[in-house]
Amino acid sequence: MARVRKAVFPVAGLGTRMLPATKVMPKELLPVVDRPVIQYALEEARASGIEEFIFVTAGGKTLIEDHFDRAEQLFASLLSKGKTEAVAELEAALPRAGQVVYTRQQQPLGLGHAVWCARHIVGDEPFAVGLVDDLILGGEPCFGELIAAHERTGGNVVATMEVPYAHTKRYGILDAGDVDGRLVAAKAMVEKPDPEWAPSRYAVIGRYVLLPEIFEHLDRQDPGAGGEIQLTDAMAKMLGDKPFHGYLFSGQRHDCGDKLGYLEAIVAAALRRPDLKDEFATLLERYR
Ligand code: G1P
């Protein structure tokens, strides 16, 4: 079985829910404590054995490329002040030369379309997809959990968690078959159903391991929910042909594309940081 080596990160979205912060700055660079949201996703992918990072960008997103590059002037200035440890940390966080690829989604035609834009870079092998807004803290690296599940089942695997019925309209939802530990067999999936039509409470969270056959379905460019080319629809077309599972990942997910979710991500991340947690917890007490 081919190893999962590549991850596609669709980062072309406008981030309108976070305006005006995202008027000029890509939403993926919003900081959670002292690291941009996108860096958490890259670190998770790297900790999961991913070696190639494919970003599907759009106009106004070039700062993302700068973020994942060396910053010679800054490094030189820090070194001249003896801050060798800071430079070493910045360097360690960088992908190695040649590990990052950028391509553009020229029109905002949906998540499925964004992934399809990376088809030639991915080629004919299973690959991961990560939605950067979904920040996952704690537990095992989520991509790694999905890759291990993919190696066991041989098919598509998506991260899943149970959400209240009132929230099904925000997510792709699985029609669940057998549940075996953390593995949830998927019989069908539907994008953003109203609660009364939702087949279960198993929501798809933004981590996927997909077989390359997905591109054959995305090639057809059929619009789905909201008139967009949906990844969920293309995945649904593979049901029956290939094994398809949700995986109840072990970490905690925060939606950084949403104001409250973003605020919670910052609190949760800060409370996990040994250098900050005690003082930050004391500080939070003051706002109760
Ligand atoms: C996307 C997917 C949806 C998934 C969600 C997870 O929706 O289309 O299936 O449940 O991410 O965050 P979006 O949040 O981009 O509207």
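The values are calculated or read from the model by the stated rules, or taken from the named source; none is laboratory data. Because the structure is predicted, anything quoted here is derived from the model rather than measured. Cβ sites come from the backbone with ideal geometry, for glycine too, and all protein chains shown count toward neighbours.
If you take just the strands (runs of 3 or more DSSP E) that sit entirely in region 157-276, which of them hold at least 1 residues that are in contact with a Gly (Cβ under 7 Å, 6 or more places away or on another chain), within 11 Å of the ligand (Cβ to nearest atom) and touching a residue at least 12 places away in the same chain (Cβ under 8 Å)?
172-180, 183-191, 202-210, 252-255
How many residues does region 103-153 hold that are touching a strand residue (DSSP E or B) at 6+ places or on another chain (Cβ under 7 Å), away from the ligand (no atom under 16 Å from the Cβ) and polar (S, T, N, Q)?
Here the count works out to 2.
On the given criteria, is Glu28 in contact with a Pro (Cβ under 6 Å, 6 or more places away or on another chain) and in a helix (DSSP H, G or I)?
no
From the set of residues in region 62-77 that are in a loop (DSSP other than H, G, I, E, B) and of a type in the set (A, V, I, L, M, F, W, C), which is nearest to Lys27 (Cα to Cα)?
Phe68
Restricting to region 1-24, give me the number of residues that are in contact with a helix residue (DSSP H, G or I) (Cβ under 7 Å, 6 or more places away or on another chain), more than 16 Å from the ligand (Cβ to nearest atom) and not basic (Lys, Arg).
2
Return yes or no: is Ala114 at pLDDT 95 or above and touching a Pro at 6+ places or on another chain (Cβ under 9 Å)?
Yes: the conditions hold for Ala114.
Confirm whether Phe280 is away from the ligand (no atom under 11 Å from the Cβ) and more than 17 Å from the chain's Cα centre (by Cα).
yes
Listed here are the residues, each with its yes/no results for (1) in contact with a strand residue (DSSP E or B) (Cβ under 7 Å, 6 or more places away or on another chain); (2) polar (S, T, N, Q); (3) over 21 Å from Ser48 (Cα atoms).
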| position | (1), (2), (3) |
| --- | --- |
| Glu228 | no, no, yes |
| Met238 | yes, no, yes |
| His245 | yes, no, no |
| Gly257 | no, no, yes |
| Ala270 | no, no, yes |
| Pro274 | no, no, yes |
| Leu283 | no, no, yes |
| Tyr287 | no, no, yes |
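Which pairs have Cβ atoms under 9 Å, sit 6 or more apart or on different chains, and link a residue in region 1-14 that is over 13 Å from Glu151 (Cα atoms) to one that is basic (Lys, Arg)?
So the pair list comes out as Val11/Lys27; Val11/Lys61; Ala12/Lys61; Ala12/Arg104; Gly13/Lys27; Leu14/Lys27.
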